[in-house]
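S.K.: Please find one structure pasted underneath; my questions will follow.
The values are calculated or read from the model by the stated rules, or taken from the named source; none is laboratory data. Since this is a predicted model, take the numbers as computed values, not measurements. All Cβ positions, glycine included, derive from the backbone under ideal geometry; neighbour counts span all protein chains shown. For the accessible areas, the whole protein counts, side chains as well, though only heavy atoms, and no ligand, DNA or RNA atoms are used. Shrake-Rupley method; radii C 1.70, N 1.55, O 1.52, S 1.80 Å.
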Amino acid sequence: MIKYETDVAVIGSGAAGLAAAVEVKKAGLGVLILERDRELGGITLQCIHNGFGLKEFNEELTGPEYAQRFINEVHKLQIPYELDTMVIEIKPGTPEKQYKTLIAINKREGVINIQAKAVILAMGCRERPRGAINIPGFRPSGIYTAGQAQRFVNMEGWLPGKTYVILGSGDIGMIMARRLTWEGCKVKAVVEILPYVSGLLRNQVQCLEDYDIPLITNYTVTKIHGANRIKGVTISKVDRNFDRVIGTDKFIECDTLLLSVGLIPENELTFNAGAELSSNNGPIVDNNLETTIEGVFACGNVLQVHDLVDLVTAEAKRAGNYAIDYINNRYGNDTKKNGQIKCIAGENVNYVKPDVINKSDIAKEIIFTFRVRYPDRRVLIQFKDENGVIYKKKKIYVIPSEMIELNLNLEEIGLNKDCKRIEIEVIPRPEVLIEED
């Protein structure tokens, strides 16, 4: 068995993995990138549309251009990496042995044993397939996830079909509606089960409205027609409980169905290693982005699905710096022994990161990120401890597709140091309720 030893092992070479690895290397530590695909760059390589890099580089880039900036850094810093390499197991260290053990495999070297002082999880996320939403019908060809079709069109140079229905209005689905229209295909409709788009509003405008692509909300696909090749789909209206409304069925003829029905953080490896997962399927992390396994950190879409790749990069750089601090013992040995404060998702909050805060860090600036469950306007974001509200912030509107980020020093806003939990909620402003009354 071939063995490697390094300070930090980074699993995944997308925007998160590359940024974290570069940060660690610049601090003078050893780092090894492990990537299961045949090239560095991750999912950004198939995102040939622009809109990347506005925050990170102050210029507008395509996905491949954005990835190449970090790939160039990897080569410049001579960071070692293993491609076509699948990590199949993470074994946490013990008090006697601080090194974590990673078991990986590839066709060149067989089974590989990697010893690392710290591990950064940056595996990204995957799309929900047809099996996750249980659409009745046969299993004909012509059914793809939107990301799968994106890779075919943008990287392989192959069109999956000519006439399309796209189920779900996620960002990839709307971007592919525009992309396929550019290629001369006909997108009959984007069908969304919710009463609003599940992706960014700018994509609704730039990808659907600008190209007169129909958006049908409060509907979903209830049957797939065709045995060998898909011939069409039946869509039906749904009620508030997402149950089919009888008598609302519509048939749309098409030869291809794309699914853009949500993303799931890729955390089977994380779970099998013994790390606890939270309600959003990402690992539970503290304010240092450290999972419940000591010395194992998480960032990017494996932690939470982000809106923009620039936000992924910023979070990955923080994870890299936290891994550096861990190896250099800047945390100290009593970071978690002093106790932790749980972060609870309250009214109209889907999840919160970090999941817990180390009490020894409440005097530091902490970055909170969370998403709402449903859209709302003129709201109040509140942080509460056991004694009541400690922080308020007004916001004009909130939507589930846009992640909210707040930087707070909990000590400065008056957090009770003995508290065991804080709750984050998004509620209508009091003046709005008065006006409605």
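S.K.: So for the range 142-151 (the condition being open to solvent by less than 70 Å² (accessible area, probe 1.4 Å), of a type in the set (Phe, Trp, Tyr), in contact with a strand residue (DSSP E or B) (Cβ under 8 Å, 6 or more places away or on another chain) and closer than 30 Å to VAL8 by Cα), does at least one residue qualify? Please lay out each step first, then the result.
M.R.: Kept after step one, since they are open to solvent by less than 70 Å² (accessible area, probe 1.4 Å), are these residues of the range 142-151: 142-147, 149-151.
This time we only want the ones that are of a type in the set (Phe, Trp, Tyr), so: 144.
With in contact with a strand residue (DSSP E or B) (Cβ under 8 Å, 6 or more places away or on another chain) added as a condition, the list becomes 144.
Now restrict to residues that are closer than 30 Å to VAL8 by Cα: none.
No, the range 142-151 contains no residue that is open to solvent by less than 70 Å² (accessible area, probe 1.4 Å), of a type in the set (Phe, Trp, Tyr), in contact with a strand residue (DSSP E or B) (Cβ under 8 Å, 6 or more places away or on another chain) and closer than 30 Å to VAL8 by Cα.
S.K.: Name the residues in the range 408-434 that are among the basic types (Lys, Arg) and either open to solvent by 80 Å² or more (accessible area, probe 1.4 Å) or at pLDDT 90 or above (or both), would you?
M.R.: So in the range 408-434, the residues among the basic types (Lys, Arg) come out as 417, 420-421, 429.
Those that are among the basic types (Lys, Arg) and either open to solvent by 80 Å² or more (accessible area, probe 1.4 Å) or at pLDDT 90 or above (or both): LYS417, LYS420, ARG421.
S.K.: How many residues are in a helix (DSSP H, G or I), over 22 Å from the mean Cα position of the chain (by Cα), crowded, with 18+ Cβ neighbours inside 10 Å and not β-branched (Val, Ile, Thr) when one looks only at the range 180-223?
M.R.: Residues flagged as in a helix (DSSP H, G or I), over 22 Å from the mean Cα position of the chain (by Cα), crowded, with 18+ Cβ neighbours inside 10 Å and not β-branched (Val, Ile, Thr) within the range 180-223 amount to 2.
S.K.: Is there any pair with a first residue in the range 198-210 that is closer than 20 Å to VAL261 by Cβ and a second that is surrounded by fewer than 14 Cβ atoms within 10 Å (Cβ to Cβ) whose Cβ atoms are under 9 Å apart and which are 6 or more apart or on different chains, and what are they?
M.R.: LEU208/PRO214
S.K.: Name the one entry in LYS342, LYS364, LYS353, LYS359 that is touching a residue at least 40 places away in the same chain (Cβ under 8 Å), of a type in the set (D, E, K, R), open to solvent by 50 Å² or more (accessible area, probe 1.4 Å) and closer than 19 Å to GLU405 by Cβ. Don't jump to the end; show me each part of the working.
M.R.: Working: LYS342 fails: closer than 19 Å to GLU405 by Cβ; LYS353 fails: open to solvent by 50 Å² or more (accessible area, probe 1.4 Å); LYS359 fails: closer than 19 Å to GLU405 by Cβ.
Answer to the check: LYS364.
Residue by residue, here is whether (1) modelled with pLDDT of 90 or more; (2) more than 22 Å from GLU253 (Cα to Cα) holds:
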site: GLU82; (1), (2): yes, yes
site: ILE88; (1), (2): yes, yes
site: PRO95; (1), (2): no, yes
site: GLN98; (1), (2): no, yes
site: ASN113; (1), (2): yes, yes
site: LEU121; (1), (2): yes, yes
site: GLY142; (1), (2): yes, no
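S.K.: Another question, then. Just checking, which of LEU18, LEU45, LEU54 is within 21 Å of PHE152 (Cα to Cα) and of a type in the set (A, V, I, L, M)? It would help to see each step written out before you state the result.
M.R.: Details: LEU18 fails: within 21 Å of PHE152 (Cα to Cα); LEU54 fails: within 21 Å of PHE152 (Cα to Cα).
The match here is LEU45.
S.K.: Go through LYS353, LYS359, LYS364, LYS337 for me and flag whichever is at pLDDT below 95 and in contact with a Gly (Cβ under 8 Å, 6 or more places away or on another chain). Spell out how you get there, then give the answer.
M.R.: Working: LYS353 fails: at pLDDT below 95; LYS364 fails: in contact with a Gly (Cβ under 8 Å, 6 or more places away or on another chain); LYS337 fails: in contact with a Gly (Cβ under 8 Å, 6 or more places away or on another chain).
LYS359 is the lone residue from the list that is at pLDDT below 95 and in contact with a Gly (Cβ under 8 Å, 6 or more places away or on another chain).
S.K.: A further question follows. Could you figure out which of (1) at pLDDT below 95; (2) buried (at least 16 other Cβ atoms within 10 Å of the Cβ); (3) among the charged types (D, E, K, R) isn't true of GLU60?
M.R.: For GLU60, the failing item is (2).
S.K.: So which of PHE70, PHE52 ends up being crowded, with 17+ Cβ neighbours inside 10 Å, farther than 18 Å from ILE327 by Cβ and either acidic (Asp, Glu) or at pLDDT 95 or above (or both)? Outline the logic, then answer.
M.R.: Details: PHE52 fails: either acidic (Asp, Glu) or at pLDDT 95 or above (or both).
PHE70 is the lone residue from the list that is crowded, with 17+ Cβ neighbours inside 10 Å, farther than 18 Å from ILE327 by Cβ and either acidic (Asp, Glu) or at pLDDT 95 or above (or both).
S.K.: Determine, yes or no, whether TYR211 is of a type in the set (Phe, Trp, Tyr), modelled with pLDDT of 95 or more and farther than 22 Å from ILE133 by Cβ.
M.R.: Working: of a type in the set (Phe, Trp, Tyr): yes; modelled with pLDDT of 95 or more: yes; farther than 22 Å from ILE133 by Cβ: yes.
Yes; evaluated as a whole, the condition is true for this residue.
S.K.: So which residues in the range 168-179 are buried (at least 24 other Cβ atoms within 10 Å of the Cβ) and more than 20 Å from the chain's Cα centre (by Cα), if there are any at all?
M.R.: Selection gives ALA177 alone.
S.K.: In the range 367-407, how many are open to solvent by 70 Å² or more (accessible area, probe 1.4 Å) and of a type in the set (Ser, Thr, Tyr)?
M.R.: Residues flagged as open to solvent by 70 Å² or more (accessible area, probe 1.4 Å) and of a type in the set (Ser, Thr, Tyr) within the range 367-407 amount to 2.
S.K.: Free of Cβ contacts under 8 Å to residues at least 40 places away in the same chain and open to solvent by 30 Å² or more (accessible area, probe 1.4 Å): does that describe LEU311? It would help to see each step written out before you state the result.
M.R.: Working: free of Cβ contacts under 8 Å to residues at least 40 places away in the same chain: no; open to solvent by 30 Å² or more (accessible area, probe 1.4 Å): yes.
No.
S.K.: Here is a follow-up. Could you list, ordered by first residue, the pairs with Cβ atoms under 8 Å in which the first is in the range 403-415 and farther than 10 Å from ILE366 by Cα and touching a residue at least 12 places away in the same chain (Cβ under 8 Å) and the second is of a type in the set (Asp, Glu) and open to solvent by 10 Å² or more (accessible area, probe 1.4 Å), at least 6 apart or interchain?
M.R.: Cβ pairs passing all conditions: MET403/ASP307; LEU415/ASP385.
S.K.: Those residues that are open to solvent by 20 Å² or more (accessible area, probe 1.4 Å), modelled with pLDDT of 95 or more, β-branched (Val, Ile, Thr) and within 15 Å of the chain's Cα centre (by Cα), I need them from the range 242-289; list them, please.
M.R.: The answer is ILE284, and nothing else.
S.K.: Six or more apart or on different chains, Cβ atoms under 8 Å: show the pairs whose first residue is in the range 248-275 and without any contact (Cβ under 8 Å) to a residue 60 or more places away in the chain and more than 19 Å from LEU215 (Cβ to Cβ) and whose second is among the β-branched types (Val, Ile, Thr) and assigned to a loop (DSSP other than H, G, I, E, B).
M.R.: These pairs meet every condition: ALA275/ILE284; ALA275/THR291; ALA275/THR292; ALA275/ILE293.
S.K.: OK, next. Could you say whether any residue in the range 6-24 is open to solvent by 60 Å² or more (accessible area, probe 1.4 Å), part of a helix (DSSP H, G or I) and at pLDDT 95 or above? Talk me through it step by step, then tell me what you get.
M.R.: Within the range 6-24, the first condition is being open to solvent by 60 Å² or more (accessible area, probe 1.4 Å), and the residues that meet it are none.
No, the conditions are met nowhere in the range 6-24.
S.K.: Counting only residues that are in contact (Cβ under 8 Å) with a residue 40 or more places away in the chain and at negative phi, give me the strands (runs of 3 or more DSSP E) lying completely in the range 30-125 with at least 2 of them.
M.R.: Those strands (runs of 3 or more DSSP E) span 31-34, 86-91, 100-106, 110-121.
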